[in-house]
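Enquirer: Below is a structure I'd like to ask you about.
The values are calculated or read from the model by the stated rules, or taken from the named source; none is laboratory data. Model, not experiment: these values are computed from the prediction. Here the Cβ positions follow ideal geometry from the backbone for every residue, glycine too, while neighbour counts run over all protein chains shown. Please note that ligands, DNA and RNA were not included when accessible areas were found on the heavy atoms of the full protein model with its side chains. Shrake-Rupley method; radii C 1.70, N 1.55, O 1.52, S 1.80 Å.
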Amino acid sequence: MSGHGLGRGVLRPEATGGRVEVRRQQPRPALAALVDFYWNPRWDLRGRPDHEQKVLAHPNVHLVFEAPEPLVYGVQRGVFSRVLHGRDQVFGVKFRPGAFRPFIDGPVAELADRAVPAAGLLGGPAGAVEALSREILALDDLAAMTALAEEYLLELLPGTRQDPVVAEVADLVERIERGVPPADERGRITAGPQLFRVDELARELGLPVRRLQRLFAEYVGASPKWVLRRARLHEAAARADGGADIDWAALAADLGYADQAHLTRDFTAAVGAPPSRYASR
(Lines give C-alpha, C1' and ligand atoms only; values in the text may rest on other atoms or scores of the structure.)
Protein backbone atom coordinates (compact mmCIF):
# COMPACT_ATOMS: atom_id res chain seq x y z
CA MET A 1 0.00 0.00 0.00
CA SER A 2 1.32 3.42 -0.86
CA GLY A 3 0.34 7.00 -0.16
CA HIS A 4 1.00 10.47 -1.53
CA GLY A 5 0.82 12.92 1.42
CA LEU A 6 3.83 14.90 2.57
CA GLY A 7 3.22 13.74 6.12
CA ARG A 8 3.00 15.12 9.63
CA GLY A 9 5.97 17.29 10.61
CA VAL A 10 6.46 18.79 7.14
CA LEU A 11 6.27 22.56 7.57
CA ARG A 12 4.29 24.61 5.08
CA PRO A 13 3.25 21.63 2.92
CA GLU A 14 1.09 23.93 0.80
CA ALA A 15 4.18 25.90 -0.28
CA THR A 16 5.25 23.10 -2.63
CA GLY A 17 2.34 23.98 -4.90
CA GLY A 18 1.89 20.29 -5.64
CA ARG A 19 5.32 20.10 -7.24
CA VAL A 20 6.60 17.59 -4.67
CA GLU A 21 5.06 14.13 -4.40
CA VAL A 22 5.88 11.73 -1.59
CA ARG A 23 5.01 8.08 -2.10
CA ARG A 24 5.02 5.61 0.79
CA GLN A 25 5.24 1.85 0.99
CA GLN A 26 4.76 -0.44 3.97
CA PRO A 27 7.42 -3.07 4.80
CA ARG A 28 7.03 -6.79 4.30
CA PRO A 29 6.22 -8.77 7.49
CA ALA A 30 9.85 -9.87 7.97
CA LEU A 31 10.89 -6.22 8.43
CA ALA A 32 7.77 -4.79 10.03
CA ALA A 33 9.31 -4.85 13.52
CA LEU A 34 12.19 -2.65 12.34
CA VAL A 35 10.84 -0.48 9.51
CA ASP A 36 8.01 2.02 9.90
CA PHE A 37 7.67 2.66 6.16
CA TYR A 38 9.61 3.52 3.00
CA TRP A 39 9.26 7.01 1.53
CA ASN A 40 10.00 8.32 -1.92
CA PRO A 41 9.89 12.10 -2.49
CA ARG A 42 9.94 13.12 -6.16
CA TRP A 43 9.99 16.63 -7.54
CA ASP A 44 10.16 18.46 -10.84
CA LEU A 45 11.18 22.11 -10.44
CA ARG A 46 12.67 22.58 -13.89
CA GLY A 47 12.10 26.16 -14.92
CA ARG A 48 10.98 27.06 -11.39
CA PRO A 49 12.78 28.52 -8.37
CA ASP A 50 14.45 26.17 -5.92
CA HIS A 51 12.25 25.13 -3.00
CA GLU A 52 13.49 24.91 0.59
CA GLN A 53 11.55 22.26 2.49
CA LYS A 54 11.69 22.29 6.28
CA VAL A 55 10.67 19.41 8.52
CA LEU A 56 10.12 18.99 12.24
CA ALA A 57 11.60 15.51 12.32
CA HIS A 58 10.29 12.55 14.28
CA PRO A 59 12.38 10.41 16.69
CA ASN A 60 13.44 8.04 13.92
CA VAL A 61 16.66 7.14 12.13
CA HIS A 62 16.49 7.14 8.31
CA LEU A 63 18.58 5.39 5.68
CA VAL A 64 18.32 7.55 2.57
CA PHE A 65 19.38 6.48 -0.90
CA GLU A 66 20.34 9.73 -2.63
CA ALA A 67 23.05 11.27 -4.80
CA PRO A 68 25.98 11.42 -4.51
CA GLU A 69 25.91 8.70 -1.81
CA PRO A 70 23.43 7.05 0.55
CA LEU A 71 23.39 8.49 4.06
CA VAL A 72 22.12 7.49 7.49
CA TYR A 73 20.38 10.39 9.24
CA GLY A 74 20.21 10.31 13.01
CA VAL A 75 17.38 12.02 14.85
CA GLN A 76 17.37 15.65 13.71
CA ARG A 77 16.55 17.60 16.86
CA GLY A 78 16.34 21.00 15.18
CA VAL A 79 14.44 21.86 12.01
CA PHE A 80 15.73 19.74 9.15
CA SER A 81 16.05 21.71 5.91
CA ARG A 82 16.70 20.60 2.34
CA VAL A 83 16.77 22.69 -0.83
CA LEU A 84 15.12 20.98 -3.79
CA HIS A 85 16.03 21.94 -7.33
CA GLY A 86 15.71 20.56 -10.83
CA ARG A 87 14.14 17.13 -11.27
CA ASP A 88 15.15 14.37 -8.88
CA GLN A 89 14.08 11.88 -6.25
CA VAL A 90 15.36 10.11 -3.14
CA PHE A 91 14.29 6.87 -1.48
CA GLY A 92 14.27 6.56 2.29
CA VAL A 93 13.87 3.87 4.93
CA LYS A 94 12.23 5.17 8.09
CA PHE A 95 13.17 2.85 10.94
CA ARG A 96 10.85 2.48 13.89
CA PRO A 97 12.09 4.36 16.99
CA GLY A 98 14.90 2.33 18.56
CA ALA A 99 15.04 -0.15 15.69
CA PHE A 100 18.33 1.07 14.23
CA ARG A 101 20.31 0.19 17.38
CA PRO A 102 21.08 -3.45 16.34
CA PHE A 103 22.79 -2.22 13.16
CA ILE A 104 25.50 -0.18 14.89
CA ASP A 105 28.13 -0.58 17.60
CA GLY A 106 27.17 2.21 19.95
CA PRO A 107 24.33 4.38 21.24
CA VAL A 108 21.99 5.84 18.64
CA ALA A 109 22.48 9.20 20.39
CA GLU A 110 25.90 9.36 18.69
CA LEU A 111 24.08 9.85 15.38
CA ALA A 112 21.88 12.72 16.59
CA ASP A 113 21.89 15.73 14.22
CA ARG A 114 24.32 13.93 11.89
CA ALA A 115 24.20 12.48 8.37
CA VAL A 116 26.72 9.65 8.08
CA PRO A 117 27.73 7.78 4.88
CA ALA A 118 25.90 4.47 4.91
CA ALA A 119 28.87 2.55 3.53
CA GLY A 120 31.11 3.41 6.46
CA LEU A 121 28.42 2.80 9.06
CA LEU A 122 26.77 -0.35 7.76
CA GLY A 123 29.79 -1.99 6.11
CA GLY A 124 29.62 -4.42 3.20
CA PRO A 125 31.75 -4.75 0.05
CA ALA A 126 33.35 -1.55 -1.19
CA GLY A 127 31.01 0.40 -3.42
CA ALA A 128 28.09 -2.01 -2.95
CA VAL A 129 25.63 0.28 -1.19
CA GLU A 130 26.51 3.18 -3.50
CA ALA A 131 25.80 0.95 -6.52
CA LEU A 132 22.53 -0.13 -4.93
CA SER A 133 21.58 3.50 -4.39
CA ARG A 134 22.15 4.30 -8.07
CA GLU A 135 20.09 1.27 -9.08
CA ILE A 136 17.18 2.26 -6.84
CA LEU A 137 17.17 5.89 -7.97
CA ALA A 138 17.16 4.87 -11.63
CA LEU A 139 13.76 3.25 -11.12
CA ASP A 140 10.28 4.76 -11.20
CA ASP A 141 8.29 1.83 -9.84
CA LEU A 142 7.92 2.14 -6.06
CA ALA A 143 7.43 -1.60 -5.50
CA ALA A 144 10.63 -2.38 -7.40
CA MET A 145 12.58 0.26 -5.45
CA THR A 146 11.26 -1.15 -2.19
CA ALA A 147 12.16 -4.72 -3.16
CA LEU A 148 15.79 -3.76 -3.75
CA ALA A 149 16.02 -1.89 -0.45
CA GLU A 150 14.44 -4.79 1.43
CA GLU A 151 16.84 -7.31 -0.08
CA TYR A 152 19.69 -5.16 1.23
CA LEU A 153 18.16 -4.87 4.71
CA LEU A 154 17.47 -8.59 4.92
CA GLU A 155 21.10 -9.28 4.03
CA LEU A 156 22.15 -7.10 6.96
CA LEU A 157 19.82 -8.78 9.44
CA PRO A 158 21.79 -12.04 10.02
CA GLY A 159 24.69 -9.92 11.27
CA THR A 160 22.56 -8.01 13.77
CA ARG A 161 21.81 -9.21 17.25
CA GLN A 162 18.22 -9.94 18.15
CA ASP A 163 17.42 -7.37 20.80
CA PRO A 164 14.07 -7.61 22.63
CA VAL A 165 14.45 -4.04 23.89
CA VAL A 166 13.89 -2.73 20.34
CA ALA A 167 10.17 -3.55 20.41
CA GLU A 168 9.84 -2.19 23.94
CA VAL A 169 11.38 1.16 22.98
CA ALA A 170 9.33 1.47 19.79
CA ASP A 171 6.18 0.91 21.83
CA LEU A 172 7.31 3.53 24.37
CA VAL A 173 7.73 6.20 21.71
CA GLU A 174 4.45 5.32 20.06
CA ARG A 175 2.80 5.54 23.48
CA ILE A 176 4.16 9.08 23.84
CA GLU A 177 2.95 10.10 20.40
CA ARG A 178 -0.50 8.63 21.05
CA GLY A 179 -0.53 10.65 24.27
CA VAL A 180 -0.87 13.85 22.22
CA PRO A 181 -3.96 13.03 20.14
CA PRO A 182 -5.06 15.18 17.19
CA ALA A 183 -7.51 18.01 17.81
CA ASP A 184 -11.15 17.79 16.74
CA GLU A 185 -12.75 20.03 14.13
CA ARG A 186 -13.17 22.81 16.71
CA GLY A 187 -9.50 22.76 17.58
CA ARG A 188 -9.95 21.06 20.95
CA ILE A 189 -8.03 17.97 22.06
CA THR A 190 -10.56 15.70 23.70
CA ALA A 191 -9.06 12.23 23.39
CA GLY A 192 -6.64 10.76 25.85
CA PRO A 193 -4.81 9.63 27.83
CA GLN A 194 -2.27 12.45 27.59
CA LEU A 195 1.33 12.46 28.80
CA PHE A 196 3.36 15.66 28.83
CA ARG A 197 6.10 15.16 31.46
CA VAL A 198 8.96 12.69 31.75
CA ASP A 199 8.16 11.91 35.39
CA GLU A 200 4.55 11.12 34.43
CA LEU A 201 5.74 8.80 31.70
CA ALA A 202 8.26 7.08 33.98
CA ARG A 203 5.64 6.63 36.69
CA GLU A 204 3.12 5.11 34.28
CA LEU A 205 5.75 2.72 32.91
CA GLY A 206 7.10 1.81 36.31
CA LEU A 207 10.64 2.87 35.36
CA PRO A 208 13.05 5.22 37.14
CA VAL A 209 13.51 8.49 35.23
CA ARG A 210 17.24 7.89 34.77
CA ARG A 211 16.64 4.40 33.39
CA LEU A 212 14.18 5.89 30.89
CA GLN A 213 16.71 8.55 29.88
CA ARG A 214 19.48 5.98 29.36
CA LEU A 215 17.16 3.79 27.33
CA PHE A 216 16.28 6.64 25.00
CA ALA A 217 19.92 7.69 24.56
CA GLU A 218 20.94 4.13 23.72
CA TYR A 219 18.10 3.27 21.36
CA VAL A 220 16.18 6.36 20.21
CA GLY A 221 18.89 8.98 19.89
CA ALA A 222 16.93 11.72 21.67
CA SER A 223 15.80 12.23 25.25
CA PRO A 224 12.27 11.36 26.41
CA LYS A 225 11.76 15.06 27.17
CA TRP A 226 12.60 15.93 23.55
CA VAL A 227 10.23 13.23 22.23
CA LEU A 228 7.41 14.52 24.43
CA ARG A 229 8.04 18.11 23.36
CA ARG A 230 8.32 17.25 19.69
CA ALA A 231 4.98 15.39 19.75
CA ARG A 232 3.32 18.53 21.12
CA LEU A 233 4.98 20.74 18.51
CA HIS A 234 3.87 18.42 15.72
CA GLU A 235 0.28 18.96 16.81
CA ALA A 236 0.73 22.72 17.12
CA ALA A 237 2.31 22.95 13.65
CA ALA A 238 -0.40 20.76 12.14
CA ARG A 239 -3.06 23.05 13.60
CA ALA A 240 -1.23 26.13 12.30
CA ASP A 241 -0.94 24.63 8.81
CA GLY A 242 -4.63 23.71 8.86
CA GLY A 243 -5.70 27.26 8.10
CA ALA A 244 -8.40 27.53 10.78
CA ASP A 245 -8.59 30.22 13.44
CA ILE A 246 -6.79 28.97 16.52
CA ASP A 247 -7.24 29.85 20.16
CA TRP A 248 -3.57 29.57 21.08
CA ALA A 249 -4.18 29.87 24.83
CA ALA A 250 -6.66 26.99 24.70
CA LEU A 251 -4.34 24.90 22.53
CA ALA A 252 -1.46 25.55 24.96
CA ALA A 253 -3.61 24.23 27.79
CA ASP A 254 -4.70 21.21 25.74
CA LEU A 255 -1.05 20.39 25.03
CA GLY A 256 -0.06 20.56 28.67
CA TYR A 257 1.79 23.88 28.63
CA ALA A 258 1.66 26.09 31.71
CA ASP A 259 0.50 29.00 29.55
CA GLN A 260 0.47 30.36 26.00
CA ALA A 261 3.86 32.04 26.49
CA HIS A 262 5.47 28.66 27.15
CA LEU A 263 4.01 27.23 23.93
CA THR A 264 5.16 30.32 22.03
CA ARG A 265 8.72 29.96 23.32
CA ASP A 266 8.89 26.26 22.45
CA PHE A 267 7.37 26.75 19.01
CA THR A 268 9.56 29.74 18.16
CA ALA A 269 12.73 27.94 19.26
CA ALA A 270 11.90 24.92 17.09
CA VAL A 271 10.33 26.53 14.01
CA GLY A 272 11.94 29.98 13.97
CA ALA A 273 8.71 31.98 14.18
CA PRO A 274 5.98 32.44 16.82
CA PRO A 275 2.96 30.20 16.18
CA SER A 276 0.58 33.09 15.39
CA ARG A 277 2.97 34.54 12.81
CA TYR A 278 3.70 31.10 11.34
CA ALA A 279 -0.04 30.47 10.97
CA SER A 280 -0.68 33.81 9.28
CA ARG A 281 2.00 33.50 6.59
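Enquirer: Consider only pairs whose beta carbons are under 7 Å apart and that are at least six residues apart or on different chains; among these, list those whose first residue lies in region 70-87 and is closer than 22 Å to LEU137 by Cα and whose second residue is open to solvent by 40 Å² or more (accessible area, probe 1.4 Å) and assigned to a loop (DSSP other than H, G, I, E, B).
Expert: Going by the 7 Å Cβ cut-off, the qualifying pairs are GLY74/ASP113; GLY74/ARG114; VAL83/ASP50; LEU84/ASP50; HIS85/ASP50; GLY86/ARG46; ARG87/ARG46.
Enquirer: Now a separate question. Looking at region 192-227, which of its residues are farther than 14 Å from GLY9 by Cα and within 14 Å of the chain's Cα centre (by Cα)?
Expert: Within region 192-227, the first condition is being farther than 14 Å from GLY9 by Cα, and the residues that meet it are 192-226.
Residues satisfying the conditions are VAL220, GLY221, ALA222, TRP226.
Enquirer: Is it the case that region 101-109 has a residue that's more than 18 Å from the chain's Cα centre (by Cα), outside any strand (DSSP E or B), charged (D, E, K, R) and farther than 24 Å from ARG19 by Cα?
Expert: yes
Enquirer: Okay, next question. Only one of these is part of a loop (DSSP other than H, G, I, E, B), out of contact with any Gly (no Cβ under 7 Å at 6 or more places or on another chain) and either modelled with pLDDT of 95 or more or crowded, with 21+ Cβ neighbours inside 10 Å (or both): PRO27, PRO49. Name it.
Expert: Working: PRO49 fails: either modelled with pLDDT of 95 or more or crowded, with 21+ Cβ neighbours inside 10 Å (or both).
After ruling out the rest, the residue left standing is PRO27.
Enquirer: Okay, next question. Which residue is farthest from ARG265 (Cα to Cα), if the candidates are limited to region 190-242 and must be among the β-branched types (Val, Ile, Thr) and modelled with pLDDT under 90? Talk me through it step by step, then tell me what you get.
Expert: Taking region 190-242 first, the residues among the β-branched types (Val, Ile, Thr) are 190, 198, 209, 220, 227.
Pick out the ones that are also modelled with pLDDT under 90 and you get 190, 198.
On the way: THR190: 24, VAL198: 19 Å.
By that ranking, first place goes to THR190.
Enquirer: Looking only at helices (runs of 4 or more DSSP H) that lie completely in region 201-269, which have at least 3 residues being without any contact (Cβ under 8 Å) to a residue 40 or more places away in the chain and more than 20 Å from ALA112 (Cβ to Cβ)? Before you say what the answer is, go through the steps one by one.
Expert: On the way: elements: 209-219, 224-241, 248-254.
Result: 248-254.
Enquirer: ARG134: in a helix (DSSP H, G or I), charged (D, E, K, R) and over 24 Å from ASP163 (Cα atoms), yes or no? Give the derivation first.
Expert: Details: in a helix (DSSP H, G or I): yes; charged (D, E, K, R): yes; over 24 Å from ASP163 (Cα atoms): yes.
So ARG134 fits the description; yes.
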